[in-house]
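Below you'll find the structure, written out as structure tokens, and then a few comments.
The values are calculated or read from the model by the stated rules, or taken from the named source; none is laboratory data. From a predicted model like this one, the values you see are computed outputs, not experimental measurements. Cβ placement follows ideal geometry from the backbone for every residue including glycine, while neighbour counts extend to all protein chains displayed. Surface accessibility is based on the protein's heavy atoms, side chains included, excluding ligands, DNA and RNA. Shrake-Rupley method; radii C 1.70, N 1.55, O 1.52, S 1.80 Å.
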Amino acid sequence: RMHYGHPDIMNMQYMMQQGGVSKATKTINLSEDIFAGMDFTLRGEGREIRHREYFHLAKGRDLGFNSVLGFFSKLSSGTGEQLLTRQMLRVSQVLHLPESLTFYYAHGGYYITQYLVSVSMPLMVFTWLFVLCSDCDSNFRGFCEKSGSFTAAEAVAPMLTTFYSAFLFLFLLLSTLPLFTEIWMERSFGSALVRWLKQLFTLSFLLFIFQAKIIGYYIVAEIRQGGASYVATGRGLPTDRREFVGAPSYVAFHMLVTVQRLNTDRLAESPALMSALVQTLQGAVASAVGGDLVAPERVSVSIVGRGRIAVTVRPSENAPSIAIKDRLTAACVAPIIGMQISVLPGIAEVCVGTLKTRAILKESITGWRIEKVGGLYLDYTQHTYYDGMSLLFMTILVLIAGGYSDAGDYKTNMWSTFLSLSLVIFSWLYAPFIFNPYQFSVGYLVDDVKAWYGLFFTDGGKHWVEWYERVVLKPKRGIAKSFFSAELWFMFFVVTAWVSLLYNRQMSNAVIYSTDPGMKYYTTAALVPPFLLSSVYCLLAPIVEYIAGCRVKGWSARRAKAVRGLFARRRTTTPASQSDDDSATRSGSSDDEDTSSPIPTLMPATDPVTDTRHTNEDREVAGTPPQRCCEKGLPLVVSGIIIVSLQLIELFTPLLLIGRKTGDAKLFVAGVVLQVMFWNIIMRLAEASLSMEHCCRRVDTCFSLLHLAVRLLVYGNLIVRDIFVSAFIFLTLMPWVIINAINDVCLPRFSIHQTLIYRTPGPLAQKQISHDSSSDEEVAAGSAAA
């Protein structure tokens, strides 16, 4: 059976006789129970262990979107390691054909199929686009040597309408037949029909499309790079909202302290006692939170009346405000306040009986800085969002190239093809947000905007750089990410085909427009990668900053000396002792390095970052004092916008000039696709080179300016890409926010979004915890604060 999980019971004597179940490594043998089954099959000498399964006593499984995908990421990584082991090879050789096929389907075959399914749609659209661009434009039919009365769009349309027809949706419906039949057998036909309709109308198919993409990503990444690790997943029903990119910092907290049996009228008659009470409350709140986090002078107190006191807490500069909020909602705040008020001299004169104190956090005001980096967008950027945007981009190019308008009589039958494309694009871009509780609440939306701004635009982009280096740019994996990437080698062959296609079209135009002297230069410029102007900027920007007197971002003493050497036109030789000092500088132990810069120095020689999942990747941001612009140089976002603008100018200028002369839309589309592929290849190779830590140290020693230029080029492009993709997703979610707000106003007891997630119409009410100093019990007191 070799089942993953722990419902299987093994015969202890059998397992001990064949070597036990313990494995040597926690990476290769991540799925230890499957390896136990394979080892017993190989060494059991024909013996069998009977398995009995009780369907109504099943093991509880994950219920949340993120936890389900985290579980499948663990399974996919473990399966990727299994495919590389000798046990998998030997078991496949000794089993008979029916058992071998069953073994393949139940283990590696399922995950490989999910990868092929997820990659088939982009590959189909890419091939479709290539065929369309290889066809003659309608303005140049007389110059084409091809014979035939139909266009490339009319040739492709019959194939697509056959593959993506109504039978495809019938197949998708039949894929739910096992679930329908099982519920019908156990309960009734009506229960099975209701369950099937719930699955359909709660958009469960979006989960499975997204799940196939996640499974394919992890199994391929595991085979290529390795690094599998155990992922602890939850079992509970998720009710907490996952942020978009992180949590913003809090600038103020408004609390309401209720002191029962306190006569505020008598208190107002005694200014000295009131002043003492205010000072006592300031010290009590500061001590409850922590004196290192909040100073007493940053606590404001005002007497409201009837025993109610308004308290405003403003965190100290660079203090962790999320920790302050957690302490303000803790059960110890009210007892500490009540204890210190009760021992205040003269308080008995304004009280009637025993004091009872309650403290409620009414409101938390957020700022425009980010404090915790980690959210739904950062969880799945590499997995689905980039590919979803690429698929959307290619679909738009297909429409521009005439994939629908030139389909002729097949136009009406292509709705199923574009519907399938829309489902995949929508799932890859929006599925995590659709199944995120309270995603479309207006109060959380403001916090998401502030955190998004803080991630990309505060501290010169430092927080985005830290996330990128920790999660994406894994050190010591540069070669595995570049030369061992099948996608990269495939892109080289594809680029060759697109260069040939574009070159032939350009040569035809050069012959047709032979009288135009600029056509030859436009043709050559359209075939050159758009990196000339941006590379010049990346080389000159650090030099200009140094001349202007700004501290160059992430530069050590050696890098500044290299720039000075450019102007002196001589090579600077560094003694061995200074080289040691510079090594310490690069590792972060020197004061010459600005560690808050958006382009950091080389990463220290540490172990590779483990590829953790979801919340394990979240990091709290350490507070940094504000700096003047000249001290930290040009922000990374500004440099990124300049770099991308220069690349767009290089990309579109020759294509627009050619298109203005010829009016060939397919030539324009082919040029755009070729330049985008050039961009992908160069970015992948540059990113992989930055991952080679030892090589980067050598380059930094000899050509520090070159290393910094490459880093600026990569970081500038990628931060602009993240800004664009995240802003696109965020803005396209706004209509759902409006619909959710209208739903809350018109039908407060029926939430459409909660119905999609929990399959229940009633919204889940959050509760605010209030604390009573006279009791250790926590009392629910109203709805949650912002």
- Task: Go through segment 51-71 and give me each residue that's at pLDDT 70 or above and either of a type outside the set (Gly, Ala, Ser) or open to solvent by 60 Å² or more (accessible area, probe 1.4 Å) (or both).
- Result: PHE65, ASN66, VAL68, LEU69, PHE71
- Query: Assuming SER300 fulfils every condition listed in (1) modelled with pLDDT of 75 or more; (2) outside any helix (DSSP H, G or I); (3) farther than 16 Å from LEU361 by Cα; (4) among the small types (Gly, Ala, Ser) apart from one, which condition is it?
  - Reply: (3)
- Determine, yes or no, whether THR732 is open to solvent by 40 Å² or more (accessible area, probe 1.4 Å), of a type in the set (Ser, Thr, Tyr) and modelled with pLDDT of 80 or more. yes
- Item | Pairs where the first residue, in segment 633-652, is under 10 Å from ASN717 (Cα atoms) and open to solvent by 40 Å² or more (accessible area, probe 1.4 Å) and the second is among the hydrophobic types (A, V, I, L, M, F, W, C) and modelled with pLDDT of 90 or more, C-beta under 7 Å, 6+ apart | ILE641/VAL720
- Query: Of the residues VAL220, VAL251, VAL245, which is crowded, with 16+ Cβ neighbours inside 10 Å, in contact with a strand residue (DSSP E or B) (Cβ under 9 Å, 6 or more places away or on another chain), among the β-branched types (Val, Ile, Thr) and modelled with pLDDT of 80 or more?
  - Reply: VAL245
- Query: Which pairs have Cβ atoms under 6 Å, sit 6 or more apart or on different chains, and link a residue in segment 181-210 that is in contact (Cβ under 8 Å) with a residue 12 or more places away in the chain to one that is open to solvent by 80 Å² or more (accessible area, probe 1.4 Å)?
  - Reply: ILE183/ARG195; ALA192/TRP184; LYS198/ARG759; THR202/ARG759
- Query: If you go through segment 305-315 one residue at a time, how many are open to solvent by 50 Å² or more (accessible area, probe 1.4 Å) and assigned to a strand (DSSP E or B)?
  - Reply: 1
- Message: With the requirement that a residue be modelled with pLDDT under 90, open to solvent by less than 30 Å² (accessible area, probe 1.4 Å) and under 21 Å from SER165 (Cα atoms), what does segment 391-420 give you?
- Response: GLY402, GLY403, ALA407, MET414, SER416, THR417, SER420
- Query: Just a yes or no: is a residue in segment 96-118 in contact with a Phe, Trp or Tyr (Cβ under 7 Å, 6 or more places away or on another chain), free of Cβ contacts under 8 Å to residues at least 60 places away in the same chain and not in a helix (DSSP H, G or I)?
  - Reply: no
- Task: Residue by residue through segment 263-321, note down the ones that are of a type in the set (D, E, K, R) and free of Cβ contacts under 8 Å to residues at least 12 places away in the same chain.
- Result: ASP265, GLU269
- Within segment 356-389, restricting attention to residues that are hydrophobic (A, V, I, L, M, F, W, C) and outside any helix (DSSP H, G or I), which residue is farthest from GLU243 (Cα to Cα)? ALA359
- Message: I'm trying to understand the selection: among the residues of segment 437-468, which are more than 30 Å from VAL745 (Cα to Cα), hydroxyl-bearing (Ser, Thr, Tyr) and more than 18 Å from the chain's Cα centre (by Cα)?
- Response: THR458
- Message: The conditions are (1) modelled with pLDDT of 85 or more; (2) under 19 Å from the mean Cα position of the chain (by Cα), and VAL471 fails exactly one of them. Which is it?
- Response: (1)
- Message: Quick check on segment 316-343: of everything there that is aliphatic (A, V, I, L, M) and part of a loop (DSSP other than H, G, I, E, B), which residue is most open to solvent (accessible area, probe 1.4 Å)?
- Response: VAL343
- Item | Condition broken by SER165, with the remaining ones in (1) of a type outside the set (A, V, I, L, M, F, W, C); (2) out of contact with any Asp or Glu (no Cβ under 8 Å at 6 or more places or on another chain); (3) within 25 Å of GLY64 (Cβ to Cβ) satisfied | (3)
- Message: I'd like the residue in segment 421-466 that is among the β-branched types (Val, Ile, Thr) and open to solvent by 10 Å² or more (accessible area, probe 1.4 Å) and, out of all such residues, is farthest from LEU203 (Cα to Cα).
- Response: THR458
- Message: Condition first: outside any helix (DSSP H, G or I) and open to solvent by less than 10 Å² (accessible area, probe 1.4 Å). Now tell me which residues in segment 522-539 satisfy that.
- Response: PRO530
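Table: residues versus (1) at pLDDT 90 or above; (2) more than 21 Å from the chain's Cα centre (by Cα); (3) under 30 Å from VAL511 (Cβ atoms); (4) not in a helix (DSSP H, G or I).
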| site | (1), (2), (3), (4) |
| --- | --- |
| PRO654 | no, yes, yes, no |
| LEU685 | no, yes, no, no |
| ALA688 | no, no, no, no |
| ASP700 | no, yes, no, no |
| ALA727 | yes, no, no, no |
- Message: Every residue in segment 656-676 that is of a type in the set (Gly, Ala, Ser) and part of a helix (DSSP H, G or I), please.
- Response: GLY659, ALA665, ALA670, GLY671
- Note on the structure: Scanning segment 743-753 residue by residue, the ones that are surrounded by 11 or more Cβ atoms within 10 Å (Cβ to Cβ) and out of contact with any Ser or Thr (no Cβ under 8 Å at 6 or more places or on another chain) total 5
- Any idea which residue in segment 76-103 is surrounded by the most Cβ atoms within 10 Å (Cβ to Cβ), counting only those that are among the hydroxyl-bearing types (Ser, Thr, Tyr) and under 17 Å from ALA36 (Cα atoms)? THR79
